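Here the structure is laid out as structure tokens; the discussion comes afterwards.
The values are calculated or read from the model by the stated rules, or taken from the named source; none is laboratory data. Worth saying up front: this structure is predicted, and the values here are computed from it rather than measured. Here the Cβ is made from the backbone with ideal geometry for all residues, glycine too, and neighbour counts use every protein chain on show. Accessible surface areas use protein heavy atoms only, side chains included; no ligands, DNA or RNA. Shrake-Rupley method; radii C 1.70, N 1.55, O 1.52, S 1.80 Å.
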Amino acid sequence: QVQLVESGGGLVQPGGSLTLSCAASKTIFSFSTMGWYRQAPGKERELVAVIGSGGLSNYADSVKGRFTISRDSRKNTVYLQMNGLKPEDTAVYYCKAVEGGRQYWGQGTQVTVSS
């Protein structure tokens, strides 16, 4: 059973930065993709950023130029560096990993952008 544990969420002022971490219970190279999703109150869960096993990444238009997804295979961890945060970035952020035909989700971490 794969476990994903997110951390790094919190309260930040507009324009601030946060870095989210997603620690996997096995080597991240076993996953075809890993990504970050978010869900705001009353809204559907949406893709924020994804990184493939080959290192290619993709971003939602709303976060391009502000967020960066990266990984550290030694720590089996994927990161989401978030800069220039806006109130509309407020959501629960989830980590997802895909291995074969299976999807695994973390428990989520709350990010609140407010003054």
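Out of 48, 5, report the one residue that is open to solvent by less than 60 Å² (accessible area, probe 1.4 Å), of a type in the set (A, V, I, L, M, F, W, C) and in contact (Cβ under 8 Å) with a residue 24 or more places away in the chain.
Within the list 48, 5, the selection yields 48.
For every residue, the table says whether it meets (1) hydroxyl-bearing (Ser, Thr, Tyr); (2) without any contact (Cβ under 8 Å) to a residue 40 or more places away in the chain; (3) out of contact with any helix residue (DSSP H, G or I) (no Cβ under 6 Å at 6 or more places or on another chain); (4) over 15 Å from residue 19 (Cβ atoms).
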position: 37; (1), (2), (3), (4): yes, no, yes, yes
position: 54; (1), (2), (3), (4): no, yes, yes, yes
position: 84; (1), (2), (3), (4): no, no, yes, no
position: 87; (1), (2), (3), (4): no, no, yes, yes
position: 101; (1), (2), (3), (4): no, yes, yes, yes
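Taking segment 76-115, which residues are part of a strand (DSSP E or B) and of a type in the set (A, V, I, L, M, F, W, C)?
Within segment 76-115, 78, 80, 82, 91, 92, 95, 97, 98, 105, 111, 113 meet the criteria.
I'd like to know if segment 63-73 contains one or more residues that are in a loop (DSSP other than H, G, I, E, B) and small (Gly, Ala, Ser).
There is at least one residue in segment 63-73 that is in a loop (DSSP other than H, G, I, E, B) and small (Gly, Ala, Ser).
For segment 99-114, does any single residue satisfy the condition of being of a type in the set (D, E, K, R), closer than 16 Å to residue 5 by Cβ and open to solvent by less than 70 Å² (accessible area, probe 1.4 Å)?
no
Quick one: is residue 91 touching a Pro at 6+ places or on another chain (Cβ under 9 Å) and open to solvent by less than 20 Å² (accessible area, probe 1.4 Å)?
yes
Look at residue 21 and say whether it is touching a Phe, Trp or Tyr at 6+ places or on another chain (Cβ under 7 Å) and either free of Cβ contacts under 8 Å to residues at least 60 places away in the same chain or open to solvent by 60 Å² or more (accessible area, probe 1.4 Å) (or both).
Spelling it out, residue 21 is indeed touching a Phe, Trp or Tyr at 6+ places or on another chain (Cβ under 7 Å) and either free of Cβ contacts under 8 Å to residues at least 60 places away in the same chain or open to solvent by 60 Å² or more (accessible area, probe 1.4 Å) (or both).
Tell me the residue from 77, 68 that is in contact with a helix residue (DSSP H, G or I) (Cβ under 8 Å, 6 or more places away or on another chain) and either among the small types (Gly, Ala, Ser) or surrounded by 12 or more Cβ atoms within 10 Å (Cβ to Cβ) (or both), please.
It is 77.
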